[in-house]
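Encoded as structure tokens, the structure appears first; notes follow it.
Please treat every number below as a calculation from the coordinates, not as lab data. A quick note: this is a predicted structure, and the numbers were derived from the prediction, not measured. A quick note on method: Cβ atoms are made from the backbone with ideal geometry, for glycine too, and the neighbour counts reach across all protein chains shown.
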Amino acid sequence: MKAFLKKYFTFNKGDRNAFLILLFVLLIVMALPFFYTLFYREKLYDFSEFRNEILAFELDQNRQRIEDSLRKSQPKEDFNFLYIDNAVEKSKLNPFKFNPNNLPSEQWKKMGLTDRQVNGIKNYEAKGGRFYIKSDFKKLYVISEAEYETLEPYIDLPEERIMGKFQNKNADTIVMLELNNADSIALKTLKGIGNVISKRIVRYRNSLGGFCKKEQLLEVEGIDTSLFKTIAPYFTLEKRLIRTINVNEANLIDFKGHPYISNNVALSIINYRNMHGPYKTLPDIMKSALVTDELYYRIAPYLSIQ
């Protein structure tokens, strides 16, 4: 036994030196991680910009999917639905002479309108909406063009707004114009406003949903500070006429075209609602990724939660 151990476990001088060198190398390798952490500090990287780019990319992809879906669902342009729409509307409606302002729900239903249409009209009235001329009734989203054509001869309202006297290019008499209700014809009577700018004001007002302050006229192409100071005193502003978007029900199409709300912002509001449920208060939309405090106070007059 002693001879066996001596044969296999006895080292000469060269073996011992090699063993010591190997042991020294192993100790160095084991100690390297300690010295690495002692002398090297790992750099911290800010990935917030990268995450924002990913979020913007995802929102853009969602927007494209929604728009592709909507395009696929639209009827082919080579099929003419106008004749069918007119035939259907004229056959189901039973119009009689009426004034649409505060008309009882029963009368609307008697005329042939659906519950959804009656509710839309009543919601418009509840928000302060009023019909002054026949074409005002045409602006309701619940009334189709074919339905309006059928009902228009029975609407007990004037064809055009009777504006009375106002300051115009050729006279000094003055009357105030309601900025959220005046049509392009009335706007052209003000000094400095011609056919082009009057149409731009109406077009921009429609895209906004209404003006919440007179200074927004400066956002209309062609209106500078000088012209604004000239025309601003002749406008009144009725904020009740502003059309709002329900953030708890709106889809991408409802937001589309609003000057203050981009597609990505709209998708951010919709995605947060889909993940967390309906908004309980309007300021809650600031919890969505892209609605900053500054943007919120700009778009808040055009949004509602019910």
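Sort 92-104, 113-125 by packing, meaning the average of other beta carbons within 10 Å per residue, with the highest value first.
The packing order, highest mean first, is 113-125, 92-104.
State log₁₀ I(q)/I(0) for the stretch 96-154 at q = 0.19, 0.26 Å⁻¹ as given by the Debye formula over alpha-carbon point scatterers of equal weight, solvent excluded.
Calculated log10 I(q)/I(0) at the listed q: -0.63, -1.33.
Can you tell me, using C-alpha contacts under 8 Å and at least 6 residues apart, the relative contact order of the stretch 245-304 as a whole percent?
On the way: 53 pairs, mean separation 23.2, N = 60.
Answer for the stretch 245-304 is 39 percent.
Multiply the residue gap between residue 232 and residue 25 by 0.36 nm, knock off their C-alpha separation, and tell me the result in nm, one decimal place. Show your work: numbers first, answer last.
Numbers: separation 207, 0.36 × 207 = 74.52 nm, distance 8.69 nm.
Here the segment from residue 232 to residue 25 would lengthen by 65.8 nm.
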